[in-house]
Amino acid sequence: MLAGTIANSMGNPDAPTAASETRSSPAPLVGELRKLHSARVQAYKEFEAGFEGFIIGKVSEEDYAPLINDTTIQFADLSREINVVARNLRAAGRDDLAQLVTELQSLEKRRLEKTVQYQVGQSETVFGTRDYTDEVADLKVECAKVTAEVADKWDDIRAEMADMAQEA
């Protein structure tokens with residue numbers, strides 16, 4: 001199924017990226033992290049909207065396939081960029097914040113995997129390949145749980161950022 005290709009979008013976390021690999025103070029790194037997180041949120045919205053359009057017949061498979069490809073590339077790029085931020089946070093002496101970012105990355109990977117499993121099951125159910133109604137319902141709950149975990153991790157990161165701002 002088309003959505004299956006996106007599950008591997010987290011790619012090699014050590015692959016070269018366009019992000020600067022410079023050692024710097026944590027403040028600009030946190031700003032970069034916020035920007036990258038916003039981009040990932042937007043990518044998810046577009047991915048989910050495209051999937052919903054595909055499921056209800058507003059988006060053809062021919063139009064949906066490039067969306068999956070583009071989203072896969074975007075998620076992989078964002079993941080690599082965020083990994084660079086984590087490495088640079090470590091280099092700047094903020095191992096605590098870098099660890100939170102690494103944990104966030106792990107949660108985001110799990111979230112993406114669950115989202116893809118949900119989408120594959122849902123599309124196969126809707127288009128008659130096989131009925132995965134029960135599994136899809138369970139996956140929807142799992143997606144919501146991991147999304148809540150991502151939000152909680154972001155709360156932890158924001159708390160660290162607030163502490164960092166007070167120390168400055």
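If I compute solvent accessible area with a 1.4 Å probe over the protein chains, what percent of it on the chain is carbon and sulfur?
Exposed carbon and sulfur together represent 52 percent of the surface.
When Kirkwood radius over Cα pairs in Å is calculated directly from the model, which label among [x] 31.3; [y] 17.5; [z] 17.0 fits?
Label [z] holds the value from this structure.
The values are calculated or read from the model by the stated rules, or taken from the named source; none is laboratory data. Predicted model only: the values in this text are computed from it and were never measured. With ligands, DNA and RNA removed, areas are computed over all heavy atoms of the protein, side chains included. Shrake-Rupley method; radii C 1.70, N 1.55, O 1.52, S 1.80 Å.
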